[in-house]
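Everything on this sheet refers to the single structure shown next.
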Amino acid sequence: MAATTFGLPFPQAQLGRYLNRKFGFNLLTAQDSHEIGMQLAQRLLRRGVLKPDDLARIEEARAQAPNKPLHELLVERNFAREEDVLAGLAEEFGLELVDLSDYKVEPDVLTAMPLKIVHRRTIMPLRRENGVLIVATGDPFDVYALDELAMFTGLQVQPVLASPREISRLIKAHFGVGGATVDSLIAERGEEQVELLEGLEADDSEAAKMAQEASVVKLVNEILIEAANERASDIHIEPEEGSLRIRYRIDGLLQNQPMPEAIQRFQAAIISRLKIMARLNIAEKRLPQDGRIKMRVQNREIDVRVSIIPMVHGEGICMRLLDKTRMKFDLSNMGMLPDTYNTFRQLIDRPHGIILVTGPTGSGKSTTLYSALNEIKDETMKIITVEDPVEYQQPGISQIQVHSKIGLTFASALRSILRHDPDVVLIGEMRDLETAEAAIQASLTGHLVFSTLHTNDAPSAFTRLIDMGVEPFLVGSTVEGVMAQRLVRTICPDCKVQYTPEHHEVPTDFPVPPGEPLKLWKGAGCRACRNTGYRGRTGIYELMVTGDTIRDMCVQRTNASVIRNQALKEGMITLRQDGWRKVLKGITTIDEVARTTAGDIVALS
């Protein structure tokens, strides 16, 4: 195999050294790339990364995607891990392999970098050494990108090999999401056109809509796609004086997303584009608006709930991302420990009564209820839900969307669906006395009712219903059980390490097992978890089953703290206790449990 440069052949043995030394006018043919790819596969086979029977399947995959480099195909089709493929590539080309997870880029190399090349070619300048620019690339076959960079900077360019994901992360961290798009918009429009766009804020003409949509569609798409790829549950677009801040909520915590400084100049256009996507009124800037966007990202269907509120420096937007492909409604995988799961499973098998799930917004209540419905549904059972909004469409379950403006409320819908002969009813939320009374009436007539409440713990659900105006004897006789829950971040499995905590690091209400020194786990931080030490979330649960004593207390209007003490005597595991059990099992950390259960400090036994 030979690579032709200036008409001279370079044998395979010299190709790696050549690519290190010179990156101009190098023409790798498709045949060259194929042969290098197969040599890479043989190298990985010798190292035990690939198995002999993988080669035939790799050839089939290459036939299906002939234009995709083999090293990318191996990772995409899960033939090998990215780090193993990169190590093999580095040996094949004679390049240095660099870990960028903790890399600090020299600031001075960023100032003169052509943004279009960096974004379009996915290459990242790292540092200068004696007039040589060290550049990270994830594709050693793309020699033209490095040659183009050398022409723009006038420097000699030397490549090093790195993970494409880490290169993209660094580019976004230093240049911002959508940086190339903003740069090109400024170049295309010029100062006058930007001012003209901002001057058209109150213009509801078709021409203004088309101009806004055409100019920022790519930038808005990049913001949405980046959020979906980072597993964000929410996007917050927050206008401030002289700037526009964008934050993603990942695993329950908000994280600032680097953006180009010039993005604030396109604030009005970005908001208008999102309004158009959500089918909202772009001329209305004084009142809150709510809408929805349905989109597909990398073959994943994502439903986006859009809320817009006017603020001092412009309209603020919060978007909730509902990734249908990622959601798995499986009660056994919700993070319940065996004793909690078995008790809850017995509750949802009851023929009638009310089962409540409580917790703040975003604590996973809807996911728990959907999982419970999927656990008990079968061909002999009719399940009807009333929700606002219907977040996830479930087969085998009849779902109703609330429309308060036309009178279709939770209570009115519930009264109607009882004539449809349901076995199980789910009410999205008990918001008022009318809904609560309708739910109680449904349970008294032989239906199993699921619903949610916003309370801090399980015992408070009784007093909340009574405060709404429901008769205490009805609450005590119908509520069979209450599940309070929170979500805690789980330790990243890729960087999980064991350690011995200091005495002061363990809260006094966390009982330490006697005997050997306490061993716990934490995440050291890696590229997979964005150096947070956490990846993903699980639930911690407080399940209270209504016994005879608690029913009597409810009838007597006993306060929540007395009911809580009685539930603890009957064996209830609190949120904090359940969290500590998961800490001991290496699922989460002390800090996470302490953060989410700060108001639940009780003596643990």
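The values are calculated or read from the model by the stated rules, or taken from the named source; none is laboratory data. For clarity, every value in this text was computed on a predicted model and none was experimentally measured. Glycine also receives a Cβ, built like all others from the backbone with ideal geometry; neighbour counts cover every protein chain displayed. Side chains are part of the model used for accessible areas, which takes the heavy atoms of the whole protein and leaves out ligands, DNA and RNA. Shrake-Rupley method; radii C 1.70, N 1.55, O 1.52, S 1.80 Å.
Of note:
- Residue in the range 448-466 that is without any contact (Cβ under 8 Å) to a residue 40 or more places away in the chain, within 23 Å of I384 (Cα to Cα) and of a type outside the set (D, E, K, R) present: yes
- Whether a residue is in contact (Cβ under 8 Å) with a residue 12 or more places away in the chain, open to solvent by 70 Å² or more (accessible area, probe 1.4 Å) and assigned to a strand (DSSP E or B) was assessed, and D303 does not pass this test.
- Check on Y534, of a type in the set (F, W, Y) and within 23 Å of the chain's Cα centre (by Cα): yes
- Meeting the requirement of 2 or more residues that are over 30 Å from L100 (Cα atoms), modelled with pLDDT of 90 or more and among the charged types (D, E, K, R), the helices (runs of 4 or more DSSP H) wholly within the range 489-605 are 548-555, 560-569, 575-584.
- Of the listed requirements (1) open to solvent by 20 Å² or more (accessible area, probe 1.4 Å); (2) more than 15 Å from D457 (Cβ to Cβ), E592 misses just one: (1).
- Counted residues, the range 95-110 - those being modelled with pLDDT of 80 or more and either open to solvent by less than 60 Å² (accessible area, probe 1.4 Å) or more than 12 Å from G138 (Cα to Cα) (or both): 2
- When restricted to residues that are open to solvent by 20 Å² or more (accessible area, probe 1.4 Å) and in contact with a helix residue (DSSP H, G or I) (Cβ under 6 Å, 6 or more places away or on another chain), the range 486-506 contains 3.
- Within the range 425-438, the set of residues being within 17 Å of V482 (Cα to Cα) and aliphatic (A, V, I, L, M) comprises V425, L426, I427, M430, A436.
- Among the candidates I376, I355, I384, the residue that is open to solvent by less than 40 Å² (accessible area, probe 1.4 Å), within 28 Å of D251 (Cβ to Cβ), at pLDDT 90 or above and β-branched (V, I, T) is uniquely I355.
- Residue match in the range 236-249 (condition: of a type in the set (V, I, T) and in a helix (DSSP H, G or I)): no
- Enumeration of residues in the range 486-511 that are under 29 Å from the mean Cα position of the chain (by Cα) and within 26 Å of T455 (Cβ to Cβ): R486, L487, V488, R489, T490
- Some residue of the range 257-267 being in contact with a strand residue (DSSP E or B) (Cβ under 7 Å, 6 or more places away or on another chain) and at positive phi: no
- Residue within the range 259-272 that is in contact with a Phe, Trp or Tyr (Cβ under 9 Å, 6 or more places away or on another chain), modelled with pLDDT under 85 and open to solvent by less than 60 Å² (accessible area, probe 1.4 Å) present: yes
- Matching entry among V555, V545, V583, V593 (being in contact with a Lys or Arg (Cβ under 7 Å, 6 or more places away or on another chain) and either in contact (Cβ under 8 Å) with a residue 12 or more places away in the chain or among the hydroxyl-bearing types (S, T, Y) (or both)): V593
- Note on the range 51-89: residues that are touching a strand residue (DSSP E or B) at 6+ places or on another chain (Cβ under 7 Å) and over 13 Å from D139 (Cβ atoms) amount to 1.
- Test: residue in the range 503-510 that is within 30 Å of P459 (Cβ to Cβ), aliphatic (A, V, I, L, M) and touching a strand residue (DSSP E or B) at 6+ places or on another chain (Cβ under 9 Å): yes
- Only listed residue being over 27 Å from the mean Cα position of the chain (by Cα) and in a helix (DSSP H, G or I), chosen from S371, S416, S366: S416
- Single residue of the range 314-339 satisfying the filter (farther than 19 Å from Y392 by Cβ and either of a type outside the set (D, E) or in contact with a strand residue (DSSP E or B) (Cβ under 7 Å, 6 or more places away or on another chain) (or both)) that is surrounded by the most Cβ atoms within 10 Å (Cβ to Cβ): M336
- Condition met for G446 (at positive phi and either hydrophobic (A, V, I, L, M, F, W, C) or at pLDDT 90 or above (or both)): yes
- Selection count, the range 423-469, where residues are in contact with a Gly (Cβ under 6 Å, 6 or more places away or on another chain) and of a type in the set (G, A, S): 1
- Within the range 467-521, being within 30 Å of Q556 (Cβ to Cβ) and free of Cβ contacts under 8 Å to residues at least 24 places away in the same chain holds for D467, E471.
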